[in-house]
Amino acid sequence: MSSVQYYCPCLASNSVPPPPHLPSTAYSLHDHEALYFCVECDAIRCNRCVSVEVSGYYCPNCLFEVPSASVRAEKNRCARNCFQCPNCRNTLQTVASDPPEGSISPAASAAVGVTGEAPYFLFCNFCRWDSTEVGVTFEKSTGLAGARLVV
């Protein structure tokens with residue numbers, strides 16, 4: 001069974017398609033699924049004459065769009081402190097290790113969103129893992145991807 005193939009003039013000097021039975025035309029004929037439509041020039045284009053450019057990135061944890069400039073500035077990390085738990089792969093929260101008076105524990109303060117004072121650590125609400133178990137704490141509660149660790 002023969003499929004219909006479309007001509008892309010990117011390799012030819014003229015826009016008239018050559019006869020399809022010649023072996024040299026094999027690189028200029030493409031399946032319908034492999035072609036793109038260019039809105040600017042109002043023409044059909046193949047993979048060789050288009051360039052794919054990423055216009056935005058998404059964080060896999062919080063699903064917020066991150067602009068390209070921000071991705072470069074944050075060294076390919078989300079600026080919203082999106083880290084995964086090493087045990088259960090759930091998203092970790094940033095918690096203060098010294099909560100205000102009246103709180104029962106840092107875990108309880110993480111659940112209600114109470115902020116205390118430094119040092120901060122990462123806490124998992126699902127399996128109750130925290131980064132103090134491995135000796136990792138932070139001086140600030142934001143920008144943890146580029147922050148200095150407190151050891």
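For the range 1-58, filtered to residues that are surrounded by 14 or more Cβ atoms within 10 Å (Cβ to Cβ) and polar (S, T, N, Q), the residue that is farthest from Cys82 (Cα to Cα) is Thr25. Return the residue satisfying two criteria in turn: it lies in the range 41-92 and is assigned to a loop (DSSP other than H, G, I, E, B) and of a type in the set (Val, Ile, Thr), and of such residues it is farthest from Ser141 (Cα to Cα). My answer is Val50. The residues on offer are Cys88, Cys82, Cys124, Cys49, and the sole one that is of a type outside the set (Lys, Arg), closer than 30 Å to Tyr7 by Cβ, in contact with a Cys (Cβ under 7 Å, 6 or more places away or on another chain) and at pLDDT 75 or above is Cys49.
No other residue among Ser3, Ser97, Ser15, Ser24 is in a strand (DSSP E or B), among the hydroxyl-bearing types (Ser, Thr, Tyr) and over 14 Å from the mean Cα position of the chain (by Cα) apart from Ser97.
Taking the range 27-42 as the range and being of a type outside the set (D, E, K, R) and within 31 Å of the chain's Cα centre (by Cα) as the test, the residues that pass are His32, Ala34, Leu35, Tyr36, Phe37, Cys38, Val39, Cys41.
Identify all residues within the range 27-39 that are assigned to a loop (DSSP other than H, G, I, E, B) and at pLDDT 85 or above; write none if there are none. Within the range 27-39, Leu35 is the sole residue that qualifies. May I ask you to verify whether Ser51 is small (Gly, Ala, Ser), free of Cβ contacts under 8 Å to residues at least 60 places away in the same chain and within 30 Å of Pro9 (Cβ to Cβ)? Yes; evaluated as a whole, the condition is true for this residue. Taken over the range 11-26, the criterion of being in contact with a helix residue (DSSP H, G or I) (Cβ under 8 Å, 6 or more places away or on another chain) and at pLDDT below 80 is satisfied by Leu11, Pro17, Pro18. The sole residue among Ser70, Ser141, Ser105, Ser97 that is among the hydroxyl-bearing types (Ser, Thr, Tyr), at pLDDT below 85 and loosely packed, with under 12 Cβ neighbours inside 10 Å is Ser105.
The values are calculated or read from the model by the stated rules, or taken from the named source; none is laboratory data. Since the structure is predicted, the reported quantities are computational estimates derived from the model, not experimental observations. Glycine also receives a Cβ, built like all others from the backbone with ideal geometry; neighbour counts cover every protein chain displayed.
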